[in-house]
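The values are calculated or read from the model by the stated rules, or taken from the named source; none is laboratory data. What you are looking at is a predicted structure, and each value in this text was computed from that prediction instead of being measured. Glycine gets a Cβ as well: all are built from the backbone with ideal geometry, and neighbour counts include every protein chain shown. The area values use the complete protein model at the heavy-atom level, side chains included, leaving out ligands, DNA and RNA. Shrake-Rupley method; radii C 1.70, N 1.55, O 1.52, S 1.80 Å.
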Number of protein chains: 2
Amino acid sequence: MIDQATRAAETRERILAAAAVEFAEHGYAGASIGTIADKADVGKGLVQYHFRAKSDIAGALIRAVFAHETVTDETGATPLRGIDAIIASIRQDASAYRDDVRVRAAVRLAREHDQIGVPLPTPYAGWIAQISAMLDDAIAMDEVRADLDSEREAYHLVAGFYGVQEISSRLTGRADLLERIEEMLLRSLASLGVADVQRRLSANIGSRPAQYFPHLDTQP
Amino acid sequence: MIDQATRAAETRERILAAAAVEFAEHGYAGASIGTIADKADVGKGLVQYHFRAKSDIAGALIRAVFAHETVTDETGATPLRGIDAIIASIRQDASAYRDDVRVRAAVRLAREHDQIGVPLPTPYAGWIAQISAMLDDAIAMDEVRADLDSEREAYHLVAGFYGVQEISSRLTGRADLLERIEEMLLRSLASLGVADVQRRLSANIGSRPAQYFPHLDTQP
């Protein structure tokens, strides 16, 4: 029956939402099926009907967050390409890292991966490949020089993002994250030889790719 | 008596060395006073004589590793300054992150700080201040332009280092760390406007500041 399936999907979502808050706040070791059930206001048995173990909930959160999709402009209609796509995707990630509890939970769980003990997707590799493809577009669009090693540059863009979010998280609880990411973009894009970086960043201020974390409701 | 004090100091060192291996391999949650005592080949009571709790051992390792000192050239005699000091210190850190089990333990414990529950030194702040002072020297020595915001640039150098070590650790077990750090230095120093970065990096290949992690025996 459709109604029953819908209700089951809603319950699953409610459990994941509660689990995100628990994991983001207390980490993998600090959360349990019991505390997640309490927070979701469902019975422990219902949690275990949807997820066999705590590690399965963690895995579901990590997989949902790290499954990136096409970056589009703020209307959600036109796929952005090249440098514009890179700017939009990195900004969107920065907002999500700051404001979206599911992303914060997934990042913390990925950091605590040693404790979880189930196979998790390899972090970063997919994101590097995605940024690398955007850089290939940028080469094709003549935005950067043709002999650029797009995979290597993508690696350093992702590393720059990760380092900034970590230090911003530890020093200011991510209060200065968006500002620091803008500084990072300015330096990285200039070092890629992108022309007029400052103007480029200003022109793109509105870019907010709605579908970037397709499985998540980003908080305002 | 001097002999007794020496023996006590040696025992403490032995415990810290064993704890580093345990923490680096199994993390904070996976290690215990008991496993550390076994690995150090001392009684559990002796460990507890030196360190009240597991968290005190973790704190001692973190404090020792994150207490940076003056960077000197490979003879250990001349303190390096400016850009040379930055190159030497970042390279030395990269080698230590890869090869020194105490550094690996401290980095992992800092990552797991939520679990430790005792006050730990704020990470990154001291390192950013140290690199910032080196950049001030670089300004005074006319190696970079005078209006550079040294603290902001130091922040992004440290963030770049941290991001690269994290991704290298997750994707290759740090096998490509030194190479990726060289790439990072090349990009960062060029974006600071340092002249002839490639030549500069080649000229400094031998820089190995012996006293950078003063409390540690770096493995070959």
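Structure notes:
- Accessible-area composition of the protein assembly as shown, carbon plus sulfur, in percent [1.4 Å probe]: 49
- Average projected area [Cα convex hull, region A:33-154], square nanometres: 9.4
- Using a 1.4 Å probe over protein heavy atoms, the accessible area lost on pairing B with A, summed over both chains, comes to approximately 3100 Å².
- Partners for A:Lys44 among lysines (Cα-Cα distance below 26 Å; same-chain residues under 8 apart left out): A:Lys54
- Per-copy distances of the A:Thr6 label point, shortest first, in nm (7 angstrom along Cα→Cβ): 8.2
- In the assembled protein chains, A:Ser55 presents an accessible area of approximately 20 Å² (probe radius 1.4 Å).
- Over all orientations, region A:114-192 has a Cα convex hull whose mean projected area works out to 6.4 square nanometres.
- Square roots of five times the Cα gyration tensor eigenvalues for region B:1-56, Å: 21, 10, 9
- In chain A, the beta carbon lying closest to the axis that superposes A onto B belongs to the residue given here with its whole-angstrom distance, A:Gly163, 2.
- In this structure, the amide hydrogen of A:Arg174, modeled 1.01 Å from its nitrogen in the peptide plane, lies closer than 5 angstrom to those of A:Ser169, counting only residues at least 5 positions away or on a different chain.
- Loop sites by DSSP among the trypsin sites (Lys or Arg not before Pro) of chain A, restricted to those with at most 15 other Cβ atoms within 10 angstrom, leave A:53-144 as the longest stretch without any of them.
- Net length gained if the chain between B:Arg170 and B:Asp3 were fully extended (0.36 nm per residue, minus Cα distance): 55.6 nm
- Rg(Cα)/(2.2 N^0.38 Å) for the protein assembly as shown, N = residue count: 1.07
- Rg followed by Dmax, in Å, when chain B is reduced to its Cα trace: 18.9, 58
- Helix content alone sets the calculated 222 nm mean residue ellipticity of the protein assembly as shown: runs of n ≥ 4 DSSP H residues at -39500 (n - 2.57) each, divided across all residues, give -22000 deg cm²/dmol.
- Across chain A, the longest piece that holds none of the GluC sites (Glu not before Pro) lying in DSSP loops with up to 15 other C-beta atoms within 10 Å covers A:75-220.
- Net charge in the neighbourhood of A:Val197 (other residues with Cβ under 15 Å of its Cβ; Lys, Arg +1, Asp, Glu -1) is 0.
- Degrees separating the helix A:150-172 axis from the principal Cα axis of chain A, which is the longest one: 60
- Taking the alpha carbon gyration tensor of region B:91-141, multiplying each eigenvalue by 5 and rooting it gives semi-axes of 27, 16, 5 Å, largest first.
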